[in-house]
Amino acid sequence: MNGSDIIKLFFSKMKCSNCDHFFNEEDITILRDEGDYIVARIYCSRCGKNVGIALLGLDREMMKKTLEASDTESISGIKEPITYDDVIDAHAFFSSLGDDWTKFIPQEYKN
C-alpha cells in the first residue's frame with residue numbers, strides 16, 4: 001500500500017464538518033505525491049464543501065496508530081496477535097447467545 005492509498009484510507013474514516021457525510025474515495029484526490037509528502041484535495045460530494053490539505057512528512061507508523069486495527073493490517077500486512085482479553089471477550093459473547101445459538105448461523109451454512 002503506497003502513501004496515496006494510506007491518505008485515502010485515512011480520510012475515508014472522516015466526516016464532512018458541514019453535512020456529517022463520510023468522505024469516500026472519489027472525494028479524495030491526490031494532487032502531488034513525492035514520497036516524503038503528499039498534497040491531497042478533499043471535496044464532499046454530498047454538500048460540495050471543498051477542503052485542501054497538505055500532509056508533510058508522511059509517517060506510516062503514526063498513520064497506523066490512527067487507523068483502525070483492520071486498516072493497519074492492510075497497510076503493514078501484519079495481523080495483531082490475539083490477546084487474553086480477546087479470548088475472554090469472545091467467550092462472554094458466545095456465552096450470551098444462549099442455548100439456541102444455532103439460530104444465528106445463516107441457513108446456507110447449516111447442514
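Here, each number is a calculation from the coordinates, and none is a lab measurement. On a predicted model such as this, the values are computed, not experimentally measured, just so you know. Quick reminder, even Gly has a Cβ in these numbers, built from the backbone with ideal geometry, and neighbours come from all protein chains shown.
Numbers at a glance
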read-out	value
Kirkwood hydrodynamic radius over Cα pairs of the stretch 1-45, then Stokes diffusion coefficient at 4 °C and 1.567 mPa s, in µm²/s	121 µm²/s
FRET efficiency, residue 29 to residue 5 (Cβ-Cβ, R0 22 Å, nearest 0.05)	0.95
Length gained when the stretch residue 83-residue 21 is fully extended (0.36 nm per residue, less Cα-Cα span)	18.9 nm
